[in-house]
Structure formats: C-alpha cells, structure tokens
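Note sheet for the following structure.
The values are calculated or read from the model by the stated rules, or taken from the named source; none is laboratory data. Please read these numbers as outputs of a predicted model, since none were measured by experiment. No Cβ is skipped: glycine too gets one built from the backbone with ideal geometry, and neighbour counts run over all protein chains shown. These accessible areas exclude ligands, DNA and RNA; they are computed on the full protein's heavy atoms, side chains included. Shrake-Rupley method; radii C 1.70, N 1.55, O 1.52, S 1.80 Å.
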Amino acid sequence: MDTYWGTAEAAWRWVLDQVRYDDGVWIPPSAGAELDQEDRDGMYAGVGGLAHVLAEIRLCRDWTAEEARLAQAVAEQVRAGIGTTTDYTFFSGLVSAIGVLTLLDAPGSGAAVARLLELSTPDGWPLDHFGPPRFLEGARSHDLTTGTAGVLLGAVQARRHGVAGAEELADVAAEILLAEREEVPTGLNWRAVPVRSCVVQRETPNFSHGLSGIATALVLAGAEFGRPDLVEAGVRGAEHLVALADESDGGFRAPLRIPLLEDMEPFSYGWCHGPTGTSLLWQALRHAGVSEVAGSKVTDWHSRCLHSIRVSGLPERRYPGFWDNDGRCCGTAGVGDRLLDSGEHTDFALHLADVIVERAIPDGSGVCWRFVEHRNDDPLLPPGVGWMQGAAGIAGFLFHAGRVARGDTAAVPRMDTWWAL
C-alpha cells in the first residue's frame, strides 16, 4: 500500500507541477509541450481528466488547498465553455463536461444537456473530424467515444445525478441508434460510422469505437429509463459480438479491426480495443437484469474477457508493438483498474501495479512514465501528463491499488464504470 500510494503521490506531484494558470487552467499533453486548445478542458488529455484523479484522492485523504483550488478552477472553466462549444464527445466535449462536473459535485451538467439537445440533428451530432477524405460530407459517428452512444451514456450519467433534460436527451440519442442498427443473421450490429458515409469500410467492434460500447450504452439507458426495447437491442448486439469473437482458449477476444490490415495485430487487450473495455458490456447486461446471452451466462462472458487479459502475456513487452504503453486507454493502468473494479484477479491487478511502480522514472519533484512507439525513429515518447495517456491516469490507478491493498474496496463511480463496481 505504502509503495503504491508513495508512487501515486510522486506522480501526482509531477502532474501538479505541469499545471498552468496563465491562460485559464491547462496542462500540456506531454511535459514541456504547448497548450492544445482543442483538448484543454477534456477528460482525455486536458484538465477535465484531473477531476478523475481528484475523485480518487478524495477516497484516500482530504484534498490540500492546492487541490481544492485546482478542482474549483477546473469546474469553473469547464462550465464556462459549455455555451459555446460544438464538441459533444465523451473525451473532449459536452459529454466529458457531464462526467467532470458530476465527479466534482459541481453545477453545470444541466447546461451541458441543454447544449447537446441544441446541437442534435435527426441523424446525430456533427463533428468536423468525420469528413473527407475518409468519410463523406455530413458523416455522423455513433460509437461511445466520438459519437451518439457517448451522448446516450452521458444522458444516463446526468439522470443518475438528477439533471433536468436527461430523459429527453436519452430519447433523442436512443432513437438515432435504433435507426442505425444493422440486422445481421447473428443479431444486431452497429458501426462507428454507417456504411453509407464511409469511403473505406471498416469495423472496430470493441468498446471505444464499436459494437460493444454502443450495446453497453443502450443496455444502461434501457435499465435507467425503463426502456426494455433498448435492453433487447443491446442483447442482440451482444449476440452478434459473440459470433465475431475468438473463444478458442476459453477466453473472449473480439477482433481489433474488420477487415484486418496487413501487419496489424488481430487482437488488442486494453480499454479501448480489447477485452478490458468490452468486459463492461457483460456487467451492463447483468446490471439490467439480463442473465444469459447466446446460451451462456453474462457473468461467464465477463470472466472469459478477464481470462483473455490474464493469459495475453501483458504486461511483458514481448516484442516491438506488444504492450508498449502503461496508460489507461490502451495500457497497463487501464487493465489494472478494470480488474480492481471487477473484484476478480486482484492478485494480477496488484502485480500490474508493481510493474508500473518499477517503470516509474524520477523527474524533478516526482515521477513520470514514457511509452514506446516502435515505428518511430526515436521510439521513446515524451512523458504524457493527462488522464488517459499520462501520469495523471497512472496515479489514479495506483491510488486505487493502494486502497485495495489495505482491504478497502471503495471505487470511484465514473461515467464509464459505475455499473461494474
């Protein structure tokens, strides 16, 4: 426990040393980098992610005056940007704002819900990223991190915190998703971007950008708003996911991409594109009262996902390109935190925490981590700062590991995990 918390505090000190107050409050994406205005307030790489660390710290100890000031500044800045932003997404936009403000027990989520309703169109929410040359003009995304499913999950989070307008927003997002479903022989399918809008056809069926994340949002919304049709749609999506998955070793791995590109790994294991994130679907189904999918218990499918993680070989960097990341999105911290939340394979989760402690790099008054991109001429990446790909997110995992090591099962009910604790 002391080792985990000691490293967590050192990493958090390093993050706090990167915080700047000279243009609002912001953190660089990596140490020494300039402000990225687009990501300034978001959860992924911006100050919104620091709210997630602060929520972890609050379960370990009281905030310092510096931390209380930071929490207030983040909440005020995120709230102030709601009225003018057009980014609606889970990681960087209005859905992120709902997650940040509810974690900080700060007002403003109602304004984010109203802004999402204002920006909605009959076929989804517009974002400049989804355009030529990869997509046709006017394309819409429907996945969890950049699309409609994320809005639906944000509506569920808002409803759980008593925010006005949440049910109306959920109805809008759910109807769009139902309209975009693809009937297939094995159930229902959803793509991140519909076929009609794609120049190049591809599917990424795991949690972040595909079927499992969309099905999860539908199931949770169905349970929250009393919509059995949404739960049933999610069940049929789960049935199709089973048909896509590899169960050959007693586990559960959905493909990284369909079709697979040359020289691409067939499977990933993290939160974004692997069984770590996809395991959340089975917990959502359990939360909604669904006991079986495709002839097996949802608890068994969940355990199969965790089995695939356990036997994958991580966290060893077995060859260039395999497990070169210790962050939350597609690395060690994300896997470890999911295992701690589940209460299964806790021994392995704490082993992952031990490995992260060993990989910490002393820097200034704290510690950081450097990931590897083996395809770069200089493969060692600069140390990341934020929640999903940096020291902030790793610190959050280590604070959690420290609580578990002392027998404390308390966990932060974040927007992407609350049903799986």
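Working ranking of peptides 273-286, 61-74 by packing, defined as the average number of other Cβ atoms within 10 Å per residue, highest first, is 273-286, 61-74.
The figure for VAL200 is an accessible area of roughly 90 square angstrom, using a 1.4 Å probe on the protein chains alone. Calculated accessible area for the range 22-99 comes out at 39 Å² per residue, all protein chains present (probe 1.4 Å; ligands, DNA, RNA ignored).
Charge tally around PHE135: other residues with Cβ under 12 Å, Lys/Arg +1 each, Asp/Glu -1 each, net +3. Per-residue accessible area (protein heavy atoms, 1.4 Å probe) orders ASP363, ASP105 as ASP105, ASP363, starting from the largest.
Can you give the local net charge around ILE82? Use residues other than it whose beta-carbon is closer than 10 angstrom to its beta-carbon, Lys and Arg +1, Asp and Glu -1. Could the numbers behind the result be given before it?
Numbers: positive: ARG79, ARG115; negative: ASP41.
My count for the surroundings of ILE82 gives +1.
Accessible area per residue (1.4 Å probe, heavy atoms of protein chains only) ranks ARG317, ARG227, ARG406, ARG304 as ARG406, ARG317, ARG304, ARG227, with the largest value leading.
A simple charge model with +1 on the Cβ of Lys and Arg, -1 on the Cβ of Asp and Glu and nothing else charged puts the dipole of the chain at about 520 debye relative to its Cα centre. About its Cα centre, the dipole of the range 123-233 is roughly 300 debye, where the only charges are +1 on Lys and Arg Cβ and -1 on Asp and Glu Cβ. Under the simplified labelling scheme, the GLU358-LEU381 pair shows an inter-label distance of 2.2 nm, with each label point 7 Å from Cα along Cα→Cβ. Net length available on complete extension from ARG13 to GLU265 is 87.1 nm, with 0.36 nm assigned per residue and the Cα-Cα distance removed. ILE176 contributes about 10 Å² of solvent-accessible surface, heavy atoms of the protein only, 1.4 Å probe.
Please list SER312, SER120 in order of solvent-accessible area, largest first, computed with a 1.4 Å probe with all protein chains present.
Working: SER312 10, SER120 35 Å².
The residues order as SER120, SER312, largest area first.
Fully extending the segment from ASP62 to ASP22, taken as 0.36 nm per residue of separation minus the present Cα-Cα distance, adds 11.7 nm.
Among THR409, THR148, THR216, the largest mean-square fluctuation in a Gaussian network model of the chain, built with springs joining Cα atoms closer than 10 Å, belongs to THR409.
Our note on the geometry: Cα centres of the range 1-61 and the range 268-328, 27 Å apart.
Think of the chain as having a plus end and a minus end, set by charges on the Cβ of Lys, Arg, Asp and Glu; of GLY343, TRP26, ALA238, GLY343 sits farthest toward the positive end of this dipole. Here the gap between LEU421 and PHE322, fully extended at 0.36 nm per residue and compared with their Cα-Cα distance, gives a gain of 32.8 nm. Dividing the mean sequence gap of close Cα pairs (under 8 Å, 6+ apart) by how many residues the range 94-216 holds gives a relative contact order of 26 percent. Computed from the Cβ-Cβ distance with R0 of 30 Å, the FRET efficiency linking SER291 to GLU247 stands at 0.95.
Per-residue 3J(HN,Hα) values for the range 284-290, derived from phi via the Karplus relation 6.51 cos²θ - 1.76 cosθ + 1.60 with θ = phi - 60°, read 5, 4, 4, 4, 7, x, 8 Hz in sequence order (x marks Gly and Pro). With the simple model of a label 7 Å out from the Cα in the direction of the Cβ, ARG406 to ALA80 spans 3.7 nm. LEU261 sits with roughly 90 Å² accessible to a 1.4 Å probe, with DNA, RNA and ligands left out of the calculation. Where only DSSP H runs of four or more residues are counted, the chain gives -14500 deg cm²/dmol as its mean residue ellipticity at 222 nm, each run worth -39500 (n - 2.57).
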